[in-house]
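Read-outs throughout are calculated quantities, based only on the coordinates presented, and are distinct from any laboratory measurement. Quick caveat, the model's predicted, so the values are computed rather than measured. Positions of Cβ are backbone-derived with ideal geometry, glycine not excepted, and every protein chain shown enters the neighbour counts.
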């Protein structure tokens with residue numbers, strides 16, 4: 001439970017924006033690596049659940065503006081799915097690097113002071129980690145949330161740094177290393193949140209299943225997906241166990 005002074009401080013400093021990096025849940029365009037292990041309808045439904053739970057997590061933060069950054073072709077569908085409840089912004093250019101560059105260019109120009117880009121497949125992340133990330137930005141140029149596989153699940157900044165997101169290394173095992181090298185070249189101070197994991201491959205999904213089985217409230221829509229697709233998940237678990 002937060003003290004009134006903490007809540008008041010966040011309200012006074014209501015300059016925080018959390019931008020979810022998202023796509024429309026179209027078959028074959030989301031979670032493509034999982035599609036090698038699960039039926040395509042299951043993968044598409046999973047992504048929709050992950051996105052819904054991520055939005056619920058974002059909205060739980062209180063005095064934080066929430067927005068979506070997505071490919072231009074997905075704006076209308078995402079706005080419809082979210083009932084126009086949040087701002088949906090079209091990125092300029094293609095790919096993740098262009099999307100991240102667009103986040104900071106757009107929201108810095110809009111006058112926001114602390115901006116965090118967050119993936120759409122870590123809805124089980126404790127809200128306290130996102131709160132800590134915004135706090136880190138009060139004393140660092142950049143904040144990064146590392147993943148266990150060499151990437152990052154969030155990146156935050158107070159200004160736009162276009163060369164920070166060069167396309168080389170994006171989405172690969174050394175994405176974090178490449179990002180930090182560019183931050184050093186730009187002489188940016190970097191802070192870190194807790195290391196975590198996102199849902200990219202079957203092993204990630206099995207880990208999430210084990211966590212949500214004991215604490216479904218952390219991501220209730222995704223927990224319900226596991227129930228609906230229990231047979232496919234059971235086969236996935238058996239397959240991994242036999243490797």
TODO: For the chain, find the longest principal axis of its Cα atoms and tell me its angle to the long axis of helix 95-109, 0 to 90°, nearest 10.
DONE: 40 degrees
Task: Cα gyration tensor shape for the range 52-150, rounded if a/c is under 1.5, else prolate or oblate - done: rounded
Open item on the list: Taking a ≥ b ≥ c as the square roots of the Cα gyration tensor eigenvalues, with a/c under 1.5 meaning rounded and otherwise prolate when a/b beats b/c, else oblate, which class fits the range 118-191?
Closed with: oblate
Task: Degrees separating the helix 175-185 axis from the principal Cα axis of the chain, which is the longest one - done: 10 degrees
Open item on the list: If I fit a long axis through the Cα atoms of helix 230-241 and take the longest principal axis of the Cα atoms of the chain, what angle between them do I get, 0 to 90°, rounded to 10?
Closed with: 90 degrees
Task: Spin-label model distance (nm) - residue 207 vs residue 159, 7 Å beyond Cα toward Cβ - done: 3.5 nm
- [ ] Return the whole-Å distance between the Cα centroid of the range 78-124 and the Cα centroid of the range 175-228.
- [x] 18 Å
Open item on the list: Nearest 500 deg cm²/dmol is fine: what mean residue ellipticity at 222 nm does the chain get from its DSSP H runs of n ≥ 4 alone, each adding -39,500 (n - 2.57), divided by its residue count?
Closed with: -13500 deg cm²/dmol
Task: Percent breakdown of C-alpha pair distances by 5 Å bin, ordered from the shortest bin, for the chain - done: 1, 6, 13, 18, 20, 17, 12, 7, 3, 1, 0
